[in-house]
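The values are calculated or read from the model by the stated rules, or taken from the named source; none is laboratory data. What you see is a predicted model, and the numbers here were worked out from it, not measured in a lab. Methodologically, a virtual Cβ is constructed for each residue, glycine included, from the backbone with ideal geometry; neighbour enumeration extends over all protein chains shown.
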Amino acid sequence: MKKTVFSLFVLILAAAACQKDIPVADIRIEPASATLFVGESVNLSIQCSPEEATNVDELTVYSTNESIVSYSGGVATARDGGSAAITASCGSVLAQCRIKVYKDSFSKGGKTYGIDYGTGYLNMESEASPQSIEIDLIHEAEPRQTFQMYLRYPQLGQDLDFTKPLSDAFVSVFAGNNEDGYSVFAMEEGGPLIVTADFSDAPGVTLVKGNLRVDQNTGRRYKVHADFELSNGYRFFVDWEGIANLTVD
């Protein structure tokens with residue numbers, strides 16, 4: 001009887017020795033990065049290895065900036081423009097999914113591009129008398145895209161309709177290499193003229209819709225709304241509010 005009890009005690013000690021702690025050695029988050037617009041979400045898959053790790057219950061997942069990207073139940077949701085990361089950590093091991101969130105955008109030919117920043121020029125006859133303004137809205141990621149508008153300064157704060165004769169205004173959407181997209185000019189005499197971005201004629205194409213409004217709120221902060229549609233189905237749309245770093249031309 002004593003021999004049996006001793007043998008059982010040895011077996012228990014051996015089993016306890018085998019059940020040593022196996023820490024998580026690696027964490028993977030898929031996708032590793034994402035680009036979202038405000039309101040969109042992405043499902044994240046988080047896997048720890050090795051499979052026999054004994055401290056998986058210590059895994060924590062959180063957002064580095066809840067005001068930009070929130071996280072709950074495996075889903076990351078874009079809340080505001082900016083950048084944040086969903087971080088998964090267990091012990092000393094961590095992994096991240098880096099998320100870029102666009103608050104504003106322009107679309108071109110059915111594809112939407114986030115706006116990274118605005119820049120442009122003030123064309124002046126004198127420093128006290130600005131004559132015209134050009135604002136470029138830039139999408140930095142590849143393919144790099146630009147939405148550009150040019151209008152006389154007094155036209156700020158006005159609803160412009162490019163389907164009607166205007167004194168002088170211009171809207172253009174084109175790629176960084178300036179090889180695709182459209183430009184719309186409003187001439188003082190006659191109706192709008194539409195040309196391709198390389199300024200060669202686009203015969204037979206007419207302007208179906210051409211609405212533009214640019215407001216200057218305070219200082220360098222501008223608001224742009226544009227909605228243009230061509231008879232060939234090409235459309236570009238902008239709804240943006242932000243800072244345009246203007247320089248004097």
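Might you let me know whether segment 226-239 holds any residue that is among the acidic types (Asp, Glu) and in contact with an Asp or Glu (Cβ under 7 Å, 6 or more places away or on another chain)?
Here is the first cut: in segment 226-239, the ones among the acidic types (Asp, Glu) are 227, 229, 239.
So of that shortlist, the ones also in contact with an Asp or Glu (Cβ under 7 Å, 6 or more places away or on another chain) come out as 239.
So far as segment 226-239 goes, yes, one or more of its residues are among the acidic types (Asp, Glu) and in contact with an Asp or Glu (Cβ under 7 Å, 6 or more places away or on another chain).
For segment 108-119: of the residues being at pLDDT 90 or above and not in a strand (DSSP E or B), which is surrounded by the fewest Cβ atoms within 10 Å (Cβ to Cβ)?
It comes out as ASP116.
What do you reckon, is CYS97 in contact (Cβ under 8 Å) with a residue 60 or more places away in the chain and either outside any loop (DSSP other than H, G, I, E, B) or farther than 30 Å from ILE115 by Cα (or both)? Walk me through how you get there before you give the answer.
Working: in contact (Cβ under 8 Å) with a residue 60 or more places away in the chain: yes; either outside any loop (DSSP other than H, G, I, E, B) or farther than 30 Å from ILE115 by Cα (or both): yes.
Here the answer is yes, as CYS97 does meet what is asked.
Testing ALA197 on (1) more than 26 Å from the chain's Cα centre (by Cα); (2) among the hydrophobic types (A, V, I, L, M, F, W, C); (3) at pLDDT below 85, one condition comes back false. Which one is that?
The number of the failed condition is (1).
Given (1) surrounded by fewer than 17 Cβ atoms within 10 Å (Cβ to Cβ); (2) farther than 17 Å from GLU30 by Cβ; (3) at pLDDT below 95, identify the lone condition not met by SER89.
Going through (1) surrounded by fewer than 17 Cβ atoms within 10 Å (Cβ to Cβ); (2) farther than 17 Å from GLU30 by Cβ; (3) at pLDDT below 95 one by one, SER89 breaks only (2).
What single numbered condition from (1) of a type in the set (Lys, Arg); (2) buried (at least 18 other Cβ atoms within 10 Å of the Cβ); (3) at pLDDT 95 or above fails to hold for ARG98?
ARG98 satisfies all of (1) of a type in the set (Lys, Arg); (2) buried (at least 18 other Cβ atoms within 10 Å of the Cβ); (3) at pLDDT 95 or above except (2).
Within segment 108-125, track down each residue that is among the aliphatic types (A, V, I, L, M) and within 16 Å of MET149 (Cα to Cα). Before you say what the answer is, go through the steps one by one.
Applying the first criterion (among the aliphatic types (A, V, I, L, M)) to segment 108-125 yields 115, 122, 124.
ILE115, LEU122 - these are the residues of segment 108-125 that are among the aliphatic types (A, V, I, L, M) and within 16 Å of MET149 (Cα to Cα).
Just a yes or no: is a residue in segment 177-184 within 28 Å of PHE228 (Cα to Cα), of a type in the set (D, E, K, R) and buried (at least 19 other Cβ atoms within 10 Å of the Cβ)?
So in segment 177-184, the residues within 28 Å of PHE228 (Cα to Cα) come out as 177-184.
Remaining after also requiring of a type in the set (D, E, K, R): 179-180.
Cutting the leftovers down to buried (at least 19 other Cβ atoms within 10 Å of the Cβ) gives us none.
Within segment 177-184, not a single residue is within 28 Å of PHE228 (Cα to Cα), of a type in the set (D, E, K, R) and buried (at least 19 other Cβ atoms within 10 Å of the Cβ).
Report whether or not LYS100 is in contact with a strand residue (DSSP E or B) (Cβ under 6 Å, 6 or more places away or on another chain) and basic (Lys, Arg).
yes
If you go through segment 201-249, how many residues are surrounded by 15 or more Cβ atoms within 10 Å (Cβ to Cβ) and not in a strand (DSSP E or B)?
3
As an exercise: evaluate CYS48 against (1) modelled with pLDDT under 95; (2) farther than 15 Å from THR87 by Cβ and give the number of the one condition it does not meet.
It is condition (2) that CYS48 fails.
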